[in-house]
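Step one of this worksheet: look at the structure below.
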Amino acid sequence: MKTAKRLFPEGILFASGNRGKFAEVADLFSPLGVDILFGPEHASLDVEETGTTYSANARLKARAWALLTGLPSLADDSGVEVRALEWKPGIHSARMAEDDPARIRWMLDALREKDDRFARYVAAFALYFPSDGICLLTEGECPGEVVRAPRGTRGFGYDPIFSPAGYDGTFGEIPDDIKRKISHRAVAGYRLLDILSRISMIE
């Protein structure tokens, strides 16, 4: 996708301070052949996530960073939805407790008496172009289940208790190269790459 260089001569800024997400995103979008820049190394910004959907929150973040830096900015919003909890916590996944271990404890406690463990990770990407106000949006999901105790040390968020459908391990155990092919963020990313490849061909 060499022609993408013409779209992003200065690279794409990843609008987040989460280094775990940044590593995944930089790897996922490497086929573009452009620099993926870590947001906090270029600006300092805290965007309030007031949207009611993943896409709305991703767009809020991407737009704010793009207007501040003048760079095309990529943001994501994601969460886990649990059927037995009426599809909560959803967009509030990161706000259920102060850190990942506490969030995991919260979810396991909430499911303690539940036999239905079905869950899905959902992610949205927003890529905002400050030059013309265009924003590209994609979403992806990964179905699976919540296991009864944390397993593995990879990943972040609820990864140690989420086992994707078709795999015995959790995202805390599954190697990064596999996770980055099957995760909710990967699905949303592939869809965005497809859009960008079509734009690049037109360009």
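Condition test on LYS88, is it at pLDDT 95 or above, touching a strand residue (DSSP E or B) at 6+ places or on another chain (Cβ under 8 Å) and surrounded by fewer than 22 Cβ atoms within 10 Å (Cβ to Cβ)?
Details: at pLDDT 95 or above: yes; touching a strand residue (DSSP E or B) at 6+ places or on another chain (Cβ under 8 Å): yes; surrounded by fewer than 22 Cβ atoms within 10 Å (Cβ to Cβ): yes.
Yes; evaluated as a whole, the condition is true for this residue.
Among the residues of segment 190-203, those that are more than 12 Å from LEU28 (Cα to Cα), assigned to a helix (DSSP H, G or I) and touching a helix residue (DSSP H, G or I) at 6+ places or on another chain (Cβ under 9 Å) comprise LEU196, SER197, ILE199, SER200. Of all residues being among the acidic types (Asp, Glu) and farther than 26 Å from GLY90 by Cα in segment 24-72, which is surrounded by the most Cβ atoms within 10 Å (Cβ to Cβ)? Just the residue, please. My answer is ASP35.
Using beta carbons and a limit of 8 Å, which pairs, at least six apart or on different chains, have the first residue in segment 104-120 and farther than 22 Å from PHE156 by Cα and the second one at pLDDT 95 or above and basic (Lys, Arg)? Listed pairs, sorted by first residue: ASP116/ARG83. Of the candidates GLY155, GLY144, GLY169, GLY189, the single residue that is crowded, with 17+ Cβ neighbours inside 10 Å and under 23 Å from ASP115 (Cβ atoms) is GLY144. When segment 50-80 is filtered for residues that are out of contact with any strand residue (DSSP E or B) (no Cβ under 7 Å at 6 or more places or on another chain) and either over 18 Å from GLY133 (Cβ atoms) or not aliphatic (A, V, I, L, M) (or both), the ones remaining, listed by number, are THR50, GLY51, THR52, THR53, GLY70.
Could you list all residues from segment 164-199 that are without any contact (Cβ under 8 Å) to a residue 60 or more places away in the chain and of a type in the set (Val, Ile, Thr)? Across segment 164-199, the qualifying residues are THR170, ILE174, ILE178, ILE182, ILE195.
Selection over segment 1-22 of residues that are surrounded by fewer than 15 Cβ atoms within 10 Å (Cβ to Cβ) and either hydrophobic (A, V, I, L, M, F, W, C) or in contact with a Phe, Trp or Tyr (Cβ under 8 Å, 6 or more places away or on another chain) (or both) gives a count of 2.
Just a yes or no: is a residue in segment 106-113 within 14 Å of the chain's Cα centre (by Cα) and among the aromatic types (Phe, Trp, Tyr)?
No, segment 106-113 has no match at all.
Checked against the criterion of being part of a loop (DSSP other than H, G, I, E, B) and closer than 17 Å to ILE195 by Cα, the candidates VAL47, VAL34, VAL25 yield just one match: VAL34.
The values are calculated or read from the model by the stated rules, or taken from the named source; none is laboratory data. Note that the structure is predicted; figures quoted are calculated from it, not measured. As a convention, Cβ positions derive from the backbone with ideal geometry for all residues, glycine included, and neighbour counts pool all protein chains shown.
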